[in-house]
Amino acid sequence: MLTLILIAVTALVSWQAFEKKRLFERLVLWPPGVERFHQYDRLLTHGFVHADWTHLLFNMITLYFFGGVIEQVFAQTIGQAGFVLFYLSAIVVAILPSYLRHRRDNGYVSLGASGAVSAVLFAYVLINPWNWIIVFVIPVPAIAYAVAYVVYSFWMDKRGRGNINHNAHLSGAIYGVLFMLLMEPRIGLIFLQRLASPSLPSFFGG
């Protein structure tokens, strides 16, 4: 339920930002806005605006498929409200390295929920390393996807090209894993046990 609320709020805010340029400009992460004008809320609000509908749709579909599972894990440990705290804090933590790197760059802007969604995705991988993840209609084991995701994000971040904040993806992924382990250390042991015993569920069921 909370996952759906987060999706609905993000979609609503993004839609309004698409329609209202001034709102869009106020919500995105613009480092000088934080540094000079003390608009610290940008560290959070940037996670609720997106570049376009495709960007929004991709992030929210990913959050929908994996957020519900992680929300239930939180419900059994520290409570569902903890899931909201996890998601919102992931938005902030995932962007901090990028903010610090570009804190005096007037031309730098970052936006989108990708960092927080990465945290949710990697929390899922920690719980279900051998479950299938669909990547462009191709089923891939979650752990294999996670490894490829980290390698690709690290490589692209070092290249420093394009408009995608790969650093936020990496930071979010790391935060997702660390938060889960700190919340419930036994999850680490469960992950290692499941990782050592590959058991791919049937993709077609049955």
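The values are calculated or read from the model by the stated rules, or taken from the named source; none is laboratory data. Quick caveat: nothing in here was measured; it's all calculated off a predicted structure. Quick reminder, even Gly has a Cβ in these numbers, built from the backbone with ideal geometry, and neighbours come from all protein chains shown. Please note that ligands, DNA and RNA were not included when accessible areas were found on the heavy atoms of the full protein model with its side chains. Shrake-Rupley method; radii C 1.70, N 1.55, O 1.52, S 1.80 Å.
Each row is one residue, and each column tells you yes or no for (1) under 17 Å from PRO97 (Cα atoms); (2) open to solvent by 30 Å² or more (accessible area, probe 1.4 Å); (3) of a type in the set (Asp, Glu); (4) modelled with pLDDT of 90 or more.
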| residue | (1), (2), (3), (4) |
| --- | --- |
| ALA142 | no, no, no, yes |
| ALA148 | no, yes, no, yes |
| TYR152 | no, yes, no, no |
| ASN163 | yes, yes, no, no |
| LEU178 | yes, yes, no, yes |
| ARG186 | no, yes, no, yes |
| LEU192 | no, yes, no, yes |
| LEU200 | no, yes, no, no |
| PHE204 | no, yes, no, no |
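Scanning region 143-182 for residues that are basic (Lys, Arg) and not in a helix (DSSP H, G or I) gives a single hit, ARG161.
Here is a list of conditions, (1) of a type in the set (Lys, Arg); (2) more than 13 Å from GLY112 (Cα to Cα); (3) at pLDDT 95 or above, and ARG36 meets all of them except one; can you say which number that is? Just one mismatch for ARG36, condition (3). In region 1-120, counting only helices (runs of 4 or more DSSP H) that sit wholly within it, the ones holding 2 or more residues that are open to solvent by less than 40 Å² (accessible area, probe 1.4 Å), in contact (Cβ under 8 Å) with a residue 40 or more places away in the chain and out of contact with any His (no Cβ under 7 Å at 6 or more places or on another chain) span 2-19, 31-35, 53-75, 80-101. Contact annotation: residue pairs with Cβ atoms under 9 Å, 6 or more positions apart or on different chains, pairing a residue in region 125-150 that is more than 18 Å from GLY188 (Cα to Cα) with a partner that is surrounded by 19 or more Cβ atoms within 10 Å (Cβ to Cβ) and modelled with pLDDT under 90, are PRO139/ILE133; VAL140/ILE133; PRO141/ILE133; TYR145/ILE133.
Residue-wise test of (1) closer than 28 Å to ARG101 by Cα; (2) of a type in the set (Lys, Arg).
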| residue | (1), (2) |
| --- | --- |
| THR10 | yes, no |
| GLN16 | no, no |
| GLU19 | no, no |
| ARG26 | yes, yes |
| PRO32 | yes, no |
| ASP41 | yes, no |
| ASP52 | yes, no |
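Only one of the listed residues (PRO139, PRO198) is more than 30 Å from PRO32 (Cα to Cα) and in a loop (DSSP other than H, G, I, E, B). That residue is PRO198.
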